[in-house]
Amino acid sequence: MFRISQYMRELAQAHRGGVYPAPRRAAAGGSMTGPVVIWNLIRRCNLTCQHCYALSADHEYSGELSGAEVGTVMDDLKAFHVPVLILSGGEPLMRPDIFEIAARAKAMRFYIGLSTNGTLIDEPMADRVAAAGFDYVGISLDGLRETHDKFRRLDGAFDRSLAAVRLLHARGVKVGLRFTMTAMNAHDLPALLQLMRDEQVDKFYFSHLNYAGRGNIHRGRDAQFAATREAMDLLFETAWQAALEGRDEEYVTGNNDADGPYLLQWVAEHLPHLSPLVHESLRQRLVAWGGNSSGVNVANIDNLGNVHPDTMWWHHTLGNVRERPFSAIWADTSDPLMAGLKARRRPVGGRCGGCAHFAICGGNTRVRAQQLTGNAWAEDPGCYLSDAEIGVSGNGERVKVTAFSGGRKRVGVPVVAG
């Protein structure tokens, strides 16, 4: 996750005082933390969204973890110092024991988020969500009414999701909008950002399309690079103005770590009055962020207990929590993909491997490379920066985003020397 607002607030402080603020240091003697775990507790969903990575539908899926098994896994996650659980699906509110699971997680002092489509949240459900004490609830909106309903394949989905936002906001729940951009909905981004402000929503999460599930099937309609850059310019400008005005709004992005280098470029162009020392301090902060965290700081457990490097890697399983504890699976680098993801410098090749900003983005998103080329360490075709901007001398040829052919490519992992 790329926290735009965090950097903009720091830049605003530098704008006012001339000095980039020092990063906050962790408390002395603190324990190492495990990854953020996105947990798909149920695959069933009342919607069949066009970009769903889980390929969910409205029917039961056999073999899902029981409540008791969830509790056992939760104990292991806590002992492994996992700080955050994002409870997801499918539609997590369709799981009968979701509030019992949330109560247990809350009692164990996890930070808990709920990722929902919002269509099931009426007033009684909003009361239950508020009483559960979720630290954050993310509700997906893929555009305004017509666009959203088409994406979600349900007439009235937009109105129901927006009503959920209002119901939760009225109950003091921290709510965020989640937006996945493709060429089919990019035109609605400005209006959604205005809707966020009008509704006093706390957070806006912008997700670049990743190639998994139905998102992979629809990758041929991924937003072109020009549209992506326009969207990022708008997000950066919106977050910058919010920082200057002291607004308590959060803007974050996910699934394309080129956002880090692009921010550095945006600041150089739009905030040239800031001193070279401020620009260098920002660059160092972005290097400390480090870009893509799949297999390192973010993990996924699916509804069957399979562990994946993140939610976009459902076609690559590292192990199952019924057979081995999550902590053992996550620490095991005998899997070549995990060895590469956890490597100090990932064995990324092509234009990504030669990128001048590799220390910032970490080679970007590996699943896009794997789905299009069969090699997890090839260039990320979703990088929207030019060869000149990343300091490589290419011939203009890029891996093309082709339409989905119906098959998944085998994960290619070269041997890493040493």
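Here, each number is a calculation from the coordinates, and none is a lab measurement. Only a predicted model underlies this, so the values are computations on that prediction, with no experimental measurement involved. Note: ideal-geometry Cβ built from the backbone for every residue, glycine included; neighbour counts use all protein chains shown.
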Let me know the shape class of the range 306-372, please: from the alpha-carbon gyration tensor, a ≥ b ≥ c as square roots of the eigenvalues, rounded when a/c is under 1.5, otherwise prolate if a/b is greater than b/c, or oblate. prolate
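What FRET efficiency comes out for the pair S275/D122, r = Cβ-Cβ distance, R0 = 56 Å, nearest 0.05?
On the way: r = 53 Å, r/R0 = 0.95.
Efficiency at R0 = 56 Å is approximately 0.60.
Within the chain, what's the longest stretch lacking GluC sites (Glu not before Pro) that sit in DSSP loops with no more than 15 other Cβ atoms inside 10 Å?
Working: sites that count: E60, E199, E323, E397.
Longest run free of exposed loop sites: 61-198.
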Rounded to one decimal in nm, the spacing of the 7 Å Cα→Cβ label points at R16 and L304 is 5.3 nm
In vacuo Debye sum over C-alpha of the range 260-333, base-10 log of normalised intensity I(q)/I(0) at q = 0.11, 0.16, 0.25 Å⁻¹, listed in q order, is -0.47, -0.64, -1.05
Determine ³J(HN,Hα), in whole Hz, for all residues of the range 374-391 in sequence, where each value follows from phi through the Karplus function 6.51 cos²θ - 1.76 cosθ + 1.60 and θ = phi - 60°; x replaces Gly and Pro. x, 10, 5, 10, 6, 5, 7, x, x, 5, 9, 8, 7, 4, 5, 6, 9, x
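Apply the a/c threshold of 1.5 to the C-alpha gyration tensor of the range 64-186 and tell me whether it is rounded, prolate or oblate.
Numbers: a/c = 2.12, a/b = 1.76, b/c = 1.20.
Prolate.
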Å³ per residue enclosed by the Cα convex hull of the range 228-285: 93 Å³
Can you compute the helix-only [θ] at 222 nm over the chain? Use -39500 (n - 2.57) per DSSP H run of at least 4 residues, normalise by all residues, nearest 500 deg cm²/dmol. -11500 deg cm²/dmol
Along the charge dipole of the chain, pointing to its positive end and built from +1/-1 on Cβ of Lys, Arg, Asp and Glu, which listed residue (S281, A132, Q200) has its Cα farthest out? S281
Percent antiparallel among DSSP beta bridges confined to the chain, nearest 5, equals 15 percent
Just subtract the alpha-carbon distance of S393 and Q200 from 0.36 nm times their residue separation and send over the number in nm, one decimal. 64.9 nm
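By the gyration tensor of its Cα atoms, with a ≥ b ≥ c the square roots of the eigenvalues, what is the shape of the chain: rounded for a/c under 1.5, prolate for a/b over b/c, or oblate? Mind showing how you got there, number by number?
Working: a/c = 1.32, a/b = 1.14, b/c = 1.16.
Cα axes put the chain in the rounded bin.
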When you count, for each residue, the other Cβ atoms within 10 Å and take the mean per peptide, how do 178-186, 307-315, 77-85 rank with the highest first? 307-315, 178-186, 77-85
For the range 234-242, Karplus-derived ³J(HN,Hα) couplings (6.51, -1.76, 1.60; θ = phi - 60°; whole Hz; x for glycine and proline) come out as 5, 5, 5, 5, 4, 5, 5, 5, 4
